[in-house]
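Heads up: the structure comes next, in structure tokens.
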Amino acid sequence: MDFNVKRLAADAGTFLSRAVQFTEEKLGQAEKTELDAHLENLLSRAECTKQWTERIMKQTEVLLQPNPNVRIEEFLYEKLDKKVPTRMNNHELLGQSMIDSGNEFGPGTAYGNALIKCGETQKQVGSAEREFIQSSANNFLTPFRNFLEGDFKTILKERKLLQNKRLDLDAAKTRLKKARVADARALSFNATSPPGDVGYMASFSYMVDLFHVKWLKVVLGVFQAEQDLRITQSEFDRQAEITRLLLEGVSSTHAHHLRCLNDFVEAQTTYYAQCYQYMVDLQKQLGSFPSTFTSNNNQSSVSGGASVSVPTIPVSASLPAAPGRASSAFNELRSTSGSRKARVLYDYDAAGSSELSLLADEVILVNSVPGMDSDWLMGERGNQKGKVPITYLELLN
């Protein structure tokens with residue numbers, strides 16, 4: 001208990017000393033140790049990184065979930081460590097409504113059949129959107145949030161500790177300065193003889209000054225003040241080095257966030273490519289309906305006074321095939337022992353000697369090898385042979 005009381009008294013004294021030093025600095029009555037320019041620049045860069053990370057996170061969350069009420073609900077579930085209930089997104093709700101109405105009108109009718117096909121496509125788009133949101137949350141938002149709630153909080157803690165060490169250092173400098181002034185006054189008193197019969201008040205004033213100087217020498221000993229200054233300077237330098245190392249780690253954070261940004265863009269590319277392919281397939285299906293169905297559009301266009309042609313979206317060869325069709329083609333290739341030509345969608349750097357590096361838009365031969373992972377095929381380019389990921393390929397007819 002005695003140790004705790006002493007510790008509490010020491011902490012209270014340290015806090016009071018810091019408060020006095022901080023107040024005197026604000027009033028311009030005390031000197032302030034400035035951090036070196038490199039450390040100040042690192043602090044500014046870390047603060048800038050924090051502000052823009054928060055801003056990017058907020059806007060990304062708005063993009064992924066425009067409904068603010070749903071965002072608040074998901075935030076509360078996350079804080080309560082509970083699973084967010086599964087709900088249908090807008091595309092899935094629209095798709096379900098189209099399917100229900102198509103069944104009501106009759107799947108055998110042109111309009112009912114078209115509604116059902118549109119509804120199924122909307123559900124596919126909704127499923128792709130769900131995968132995109134999940135991928136973006138895991139690979140983009142989570143690393144950003146981990147930086148704000150982990151690394152940056154550690155930086156703030158060490159920066160606050162550095163501020164306290166600086167106040168301790170400046171307070172020690174102030175005490176040493178006062179101790180030296182008191183020592184100089186003591187020397188001047190020692191060189192001055194006490195007054196003789198010059199009056200009671202003069203003698204009393206001399207004694208007060210003498211006791212004051214003696215008290216300052218006891219409280220503010222030069223040797224003790226110099227020793228305190230050395231200790232506080234050492235602690236400040238050590239804390240400045242710790243803070244500097246943490247702040248320099250922000251560069252690694254930028255590199256990590258760059259990889260996360262690439263993952264986010266890749267997820268967006270996949271999502272929009274899937275949606276485009278779904279819509280192209282739907283457009284082809286609707287275009288195969290009998291002329292009695294399409295004539296309704298023509299009549300409505302004529303009644304409007306001008307002929308409006310519905311453009312047909314060309315199918316880009318650079319977009320990946322729909323997942324369902326692509327997977328069936330790869331499954332068919334695995335069931336046979338032959339080879340197929342495949343076009344490379346993206347550049348790929350081999351991770352080992354057993355893999356084959358790829359260049360976008362080149363055509364290679366691929367075949368299945370028994371026992372190989374389902375996500376890989378054996379690729380051949382001339383005399384070169386190696387494993388290639390199927391996600392980078394599009395089988396050609």
Which far-off residues, 5 or more places away or on another chain, put their amide H under 5 Å from the one on W376, with H placed in the peptide plane? I390
Using each residue's phi in segment 269-285, evaluate 6.51 cos²θ - 1.76 cosθ + 1.60 at θ = phi - 60° and report the 3J(HN,Hα) Karplus result to the nearest Hz, with x for Gly and Pro. 4, 4, 4, 5, 5, 4, 4, 4, 5, 4, 5, 5, 4, 5, 5, 5, 5
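Between Q51 and E332, take the C-beta separation as r, use R0 = 51 Å, and let me know the FRET efficiency to the nearest 0.05.
Rounded to the nearest 0.05, the efficiency is 0.45.
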Taking the Cα of F105, stepping 7 Å toward and past its beta carbon, and measuring to each backbone N in segment 121-151: which are under 16 Å? 121-122
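Take each of the peptides 36-43, 228-235, average the number of other beta-carbon atoms within 10 Å over its residues, and list them starting from the highest. All intermediate terms of the calculation are to be shown ahead of the outcome.
Details: 36-43: 13.6, 228-235: 15.8.
The most tightly packed comes first, giving 228-235, 36-43.
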Under 5 Å between amide hydrogens, which residues at least 5 positions from E355 or on another chain qualify, with H placed 1.01 Å from N in the peptide plane? K387
Can you spot the aspartates and glutamates whose alpha carbon is less than 18 Å from K50's alpha carbon? Ignore those fewer than 8 places along the same chain. E40, E61, E149, D151, E158, E248
Just list whichever of K32/K160; K123/K387; K123/K284; K58/K123; K117/K284 have alpha carbons separated by over 23 Å in the model shown. K123/K387; K58/K123
I'd like the FRET efficiency for K153 and E24, computed as 1/(1 + (r/R0)^6) with the beta carbon distance as r and R0 of 51 Å, rounded to 0.05. 0.95
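Relative contact order of segment 73-129, please, whole-number percent, based on alpha carbon pairs below 8 angstrom and at least 6 residues apart.
Averaging sequence separation for qualifying contacts and normalising by length gives 35 percent for segment 73-129.
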Under 5 Å between amide H atoms, partner at least 5 residues away or on a different chain: which partners does A30 have, H built in plane at 1.01 Å? E25
Segment 70-86 - phi-based ³J(HN,Hα) in whole Hz, Karplus 6.51/-1.76/1.60, Gly and Pro as x: 5, 4, 5, 5, 5, 5, 5, 4, 5, 5, 7, 6, 10, 6, 6, x, 6
Cβ-Cβ FRET estimate between N90 and R238, R0 fixed at 41 Å, reported to 0.05: 0.15
Return the sequence-ordered ³J(HN,Hα) values of segment 385-397 in whole Hz as given by the Karplus equation 6.51 cos²θ - 1.76 cosθ + 1.60 applied to θ = phi - 60°, using x for Gly and Pro. 8, x, 6, 9, x, 5, 5, 9, 10, 10, 5, 9, 6
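Could you calculate the contour length gain from E34 to L258, that is, 0.36 nm times the residue separation minus the distance between their Cα atoms, to one decimal place in nm?
Values: separation 224, 0.36 × 224 = 80.64 nm, distance 3.34 nm.
Full extension of this stretch gives 77.3 nm more.
Values in this text are rule-based calculations from the coordinates and carry no lab data. Because the structure is a prediction, the values reported are computed rather than measured. Don't worry about glycine lacking a Cβ; one is built from the backbone with ideal geometry, like all the others, and counts go over all protein chains shown.
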